[in-house]
Amino acid sequence: MKIGILITGNPPEELAQNGHYGTYFRHLLGDDGFTYQYWSVVDGELPDSVTDADGWLITGSKHGAYEDHPWIPPLEQFIRASYDAHIPMIGVCFGHQIIAQAMGGKVEKFAGGWSVGAVDYTLDGESVAINAWHQDQVVEKPQTAKVIGSTDFCANAALLYGDRFWTIQPHPEYDHDFIEALIKFRGKGLVPEDQLATAMERLNTPLDTTSVAKKMRDFFKKERA
């Protein structure tokens, strides 16, 4: 199965040696049954057609889905075309938000502030710990979406659009080393110091990335009519 990864942001320059965000998801999902191709949407590159891959994944980004960037409207059109063509798509953080926005939901800079580091989510009725790094969130879900994951802070933390789209706000592709780097290189002056300190204290929290990655793989491989 060919997975097309739509890259909508870049890691901090200090972590550039680890590769772009597409490589993080390749490591998360693995190569068993999957091949990958990458498109740098943030640089204006989009696939010619939604049929150029068997499934799509939209990465995270430092940009807001509501911001005025020339690559965002074409990406939204691509999302809707993928939905209409019944081609599965997964969105993570910004990907989660831009899919919701493209499908009629609302994304905004959340008045309640930031969520950073290891957070306990309810996902499909189970408690899972996943790393978060966001202030923006989906404040109104699209009518076509069902909530499958949440916290008290983030009501629409994971959404399911039938068998077509599966999206999640936190970052299963981020390990604790990456969060520590974000705290060091992006967090200072952006995220309140007490939240950064709490995130640092939770760097040893066991993460449920393996189980979340399995959900993502199973969603892509699910038989569809």
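The values are calculated or read from the model by the stated rules, or taken from the named source; none is laboratory data. Not measured: the values here are computed from a predicted model. Cβ: placed from backbone, ideal geometry, glycine included. Neighbour counts: every protein chain shown.
Just the residues that are modelled with pLDDT of 95 or more and in contact with a helix residue (DSSP H, G or I) (Cβ under 9 Å, 6 or more places away or on another chain), please, taken from region 204-221.
Filtering region 204-221 down to residues modelled with pLDDT of 95 or more leaves 205-221.
Of everything in region 204-221, those that are modelled with pLDDT of 95 or more and in contact with a helix residue (DSSP H, G or I) (Cβ under 9 Å, 6 or more places away or on another chain) turn out to be Thr205, Leu207, Thr209, Val212, Ala213, Met216, Arg217, Phe220.
For region 141-156, the condition of being in a strand (DSSP E or B) and farther than 22 Å from Trp56 by Cβ holds for at least one residue.
A Cβ distance below 6 Å, combined with a sequence gap of six or more or placement on separate chains, defines the contacts here; from region 198-224, residues that are touching a residue at least 60 places away in the same chain (Cβ under 8 Å) reach no residue that is among the polar types (S, T, N, Q).
As a summary of the residue check, Leu159 satisfies the conditions (1) loosely packed, with under 13 Cβ neighbours inside 10 Å; (2) under 19 Å from the mean Cα position of the chain (by Cα) except for the one numbered (1).
Scan region 88-105 and give yes if some residue there is at pLDDT below 95 and surrounded by fewer than 16 Cβ atoms within 10 Å (Cβ to Cβ), otherwise no.
As a first pass, look at region 88-105 and keep what is at pLDDT below 95: none.
Checking region 88-105: not a single residue is at pLDDT below 95 and surrounded by fewer than 16 Cβ atoms within 10 Å (Cβ to Cβ).
For region 20-129, the strands (runs of 3 or more DSSP E) that sit wholly inside it and include 1 or more residues that are over 21 Å from Leu159 (Cβ atoms) are 35-40, 115-123. Considering each of Leu46, Leu29 in turn, give the residue that is surrounded by fewer than 19 Cβ atoms within 10 Å (Cβ to Cβ), under 19 Å from the mean Cα position of the chain (by Cα) and at pLDDT 95 or above. The match here is Leu46. Considered as a group, the residues in region 168-187 that are touching a helix residue (DSSP H, G or I) at 6+ places or on another chain (Cβ under 6 Å) and part of a helix (DSSP H, G or I) include one that is surrounded by the most Cβ atoms within 10 Å (Cβ to Cβ), and that residue is Gly187. Taking first residues from region 100-127 that are at positive phi and among the acidic types (Asp, Glu) and partners that are surrounded by 16 or more Cβ atoms within 10 Å (Cβ to Cβ) and part of a strand (DSSP E or B), the Cβ contacts under 6 Å between residues at least 6 apart in sequence or on separate chains come to Asp124/Ile148. Evaluate the following for Ile72: is it β-branched (Val, Ile, Thr) and closer than 17 Å to Trp166 by Cα? The answer is no for Ile72. Evaluating Leu15 against the criteria (1) of a type outside the set (S, T, N, Q); (2) modelled with pLDDT under 95; (3) assigned to a loop (DSSP other than H, G, I, E, B); (4) surrounded by 13 or more Cβ atoms within 10 Å (Cβ to Cβ) leaves one unmet condition, (3).
Just checking, which of Arg224, Arg164 is surrounded by fewer than 17 Cβ atoms within 10 Å (Cβ to Cβ), basic (Lys, Arg) and over 18 Å from Glu126 (Cβ atoms)?
Details: Arg164 fails: surrounded by fewer than 17 Cβ atoms within 10 Å (Cβ to Cβ).
Sole residue among the options that is surrounded by fewer than 17 Cβ atoms within 10 Å (Cβ to Cβ), basic (Lys, Arg) and over 18 Å from Glu126 (Cβ atoms): Arg224.
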